[in-house]
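Contents: one structure, followed by commentary.
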Amino acid sequence: MWALGRMDTYHPPAVEAALAAFSANPMSYKPQEVANLLWALTAFRHHPEGAFVLFARSLLQRQDGSQIRAADLATLLYALALFNVAPGTRVMERVEACAMRLVDEAAAAAPQPRVSPSRGGGGAGGISVVELAHMYWGLALLGAVEGPLFERLETELGAAWEREGAEIPQSLLRVTFQGFLASKLESHRRSHGFPELALDALKRAWVAGLGGESNKNGWVQYGAFRPLGSVRVRCSLRVWISISGYLMDELWFRSWSSSSASGFS
């Protein structure tokens, strides 16, 4: 499934067969295998429906072990936010605790060579900017912006920008700023942890992206009419907002069917 996703080859029968095989014995899969399958579903925009809880349980059953990686948790949070699935409080607490442990372990292992920001690697020796950005984005769109993990991720992303600057791809800067905007919509009074110069760089990357093809087309497109399982986009609302005196920015809000928004614990 991961290879098909990388090749942008969406074959629904193959995806359903893979989901059926996983659902039959989810606890037998290694964390990276679970994350790879979940990533492929996000690439296909194929909603796993009721199997979502199995992905979370399969990953989190090993949260006290050494196998789970920051990349696995980043994929889980990204998928939850992308498919607009609100997990239960217990699931989010376990995800955040596991992520915080990995961030702490990476900090304790420093100084070590940092993982390239353009790669999705990770492990005990460090957490990549890709992983930090997607965990941050996922938490923000899920509304989990008040906990210590979200604040810690802002601090780490700000430090990464100060350390690596122009080496960080513009796409990651845009993802991070989108998470920042979502966090302000969720809790506009909260203080952020970004240095002002870093936040300005994030904003400029976001603004530059507004002139891309997705903006010209009038709304964000997710590929050639790919389904979200049985879920369909209900509406797309274009909103202009001003946050903390920055720029009037354009956001897209997607409203999904109630089956997509239902949570699990």
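Read-outs: derived from the displayed coordinates by stated rules, not from any lab. The shown structure was predicted, so the numbers you read here are calculated from the model rather than taken from an experiment. Cβ atoms come from the backbone with ideal geometry, glycine included; neighbour counts cover every protein chain shown.
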Checklist outcome for this item: Among ALA17, ALA81, HIS47, the residue whose Cα sits farthest towards the positive end of the charge dipole of region 1-89, when +1 is placed on the Cβ of each Lys and Arg and -1 on the Cβ of each Asp and Glu, is ALA81
Checklist entry - Assigning unit charges at the beta carbon (Lys, Arg +1; Asp, Glu -1) and nothing else, what dipole magnitude in debye, to the nearest 20, does region 143-208 show about its Cα centre? => result 240 debye
Checklist entry - When the Karplus curve 6.51 cos²θ - 1.76 cosθ + 1.60 is applied with θ = phi - 60°, which whole-Hz ³J(HN,Hα) does each residue of region 69-74 get, with x for Gly and Pro? => result 10, 4, 4, 5, 5, 4
